[in-house]
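*Asks:* Sending over a structure as structure tokens; questions will come in a sec.
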Amino acid sequence: MAFEFIIHNPDELPRAAKTILDGCAGKKVFAFFGEMGSGKTTIIKAMCRELGVHSKAVSPSFAIVNEYSGPAPVFHIDLYRLNNVNEALDVGIEEYLASGNYCFIEWAELIINLLPEETVMVKISVGANNERLVSVETNFSKQILKRG
């Protein structure tokens, strides 16, 4: 299943987070794709709030993984600074993916071959008027990603 929507301004982020989570009920691993500054972290923060995360969600660019507490742990993973899949394995990526908890992964291209089949792909692109086009694909396919 796939769906798309547009975020016109930051006030729409709570609705966007709910739309993604409701549209992907039962899914726990989300891979986010988009250029630098497209809003991956911003949408993940909104999704964390929607899930009842107690702490403030922040970009884990330097920590690689942030764990947030809420009704259940949420892992926010940013692979931007890693150079190869071995570095992702060293930080325990497979354990996070297998945890059964929500995993929101930025720059997931690095670990494409490690992502489980039930991964939700979220692509974000910036529109002409600075809006964000969000494309969500629940039938994960590594072939889709390789095409672009």
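The values are calculated or read from the model by the stated rules, or taken from the named source; none is laboratory data. For clarity, every value in this text was computed on a predicted model and none was experimentally measured. So basically every Cβ, Gly included, is an ideal-geometry build from the backbone, and we count neighbours across all protein chains shown.
*Asks:* Is there a residue in segment 65-87 that is touching a Lys or Arg at 6+ places or on another chain (Cβ under 9 Å) and aromatic (Phe, Trp, Tyr)?
*Replies:* Yes, segment 65-87 contains a residue that is touching a Lys or Arg at 6+ places or on another chain (Cβ under 9 Å) and aromatic (Phe, Trp, Tyr).
*Asks:* Which of the residues that make up segment 34-69 are crowded, with 21+ Cβ neighbours inside 10 Å and under 18 Å from Thr119 (Cα atoms)?
*Replies:* Scanning segment 34-69 gives Lys40, Ile43, Ile44, Met47, Cys48.
*Asks:* Here's another thing I want to ask about it. With the requirement that a residue be part of a strand (DSSP E or B) and either free of Cβ contacts under 8 Å to residues at least 12 places away in the same chain or among the hydroxyl-bearing types (Ser, Thr, Tyr) (or both), what does segment 106-139 give you?
*Replies:* Ser125, Ser135
*Asks:* Further, regarding this structure: Can you pull out every residue in segment 64-105 that is in a loop (DSSP other than H, G, I, E, B), within 19 Å of Gly52 (Cβ to Cβ) and hydrophobic (A, V, I, L, M, F, W, C)?
*Replies:* Within segment 64-105, just Ala72 meets the criteria.
*Asks:* Output the number of residues of segment 35-59 satisfying the condition of being in contact with a helix residue (DSSP H, G or I) (Cβ under 6 Å, 6 or more places away or on another chain) and modelled with pLDDT of 95 or more. Reasoning before the result, please.
*Replies:* Taking segment 35-59 and keeping what is in contact with a helix residue (DSSP H, G or I) (Cβ under 6 Å, 6 or more places away or on another chain), we get 46-47, 50, 57, 59.
Adding the requirement that they be modelled with pLDDT of 95 or more leaves 46-47, 50.
So the answer is 3.
*Asks:* Quick check on my filter: what residues within segment 70-91 are surrounded by 15 or more Cβ atoms within 10 Å (Cβ to Cβ), within 19 Å of Gly37 (Cα to Cα) and more than 15 Å from the chain's Cα centre (by Cα)?
*Replies:* Within segment 70-91, Leu82 is the sole residue that qualifies.
*Asks:* A follow-up question, please. Does any residue of segment 10-31 turn out to be in a helix (DSSP H, G or I), touching a strand residue (DSSP E or B) at 6+ places or on another chain (Cβ under 8 Å), touching a residue at least 12 places away in the same chain (Cβ under 8 Å) and surrounded by fewer than 19 Cβ atoms within 10 Å (Cβ to Cβ)?
*Replies:* Yes: segment 10-31 contains one or more residues that are in a helix (DSSP H, G or I), touching a strand residue (DSSP E or B) at 6+ places or on another chain (Cβ under 8 Å), touching a residue at least 12 places away in the same chain (Cβ under 8 Å) and surrounded by fewer than 19 Cβ atoms within 10 Å (Cβ to Cβ).
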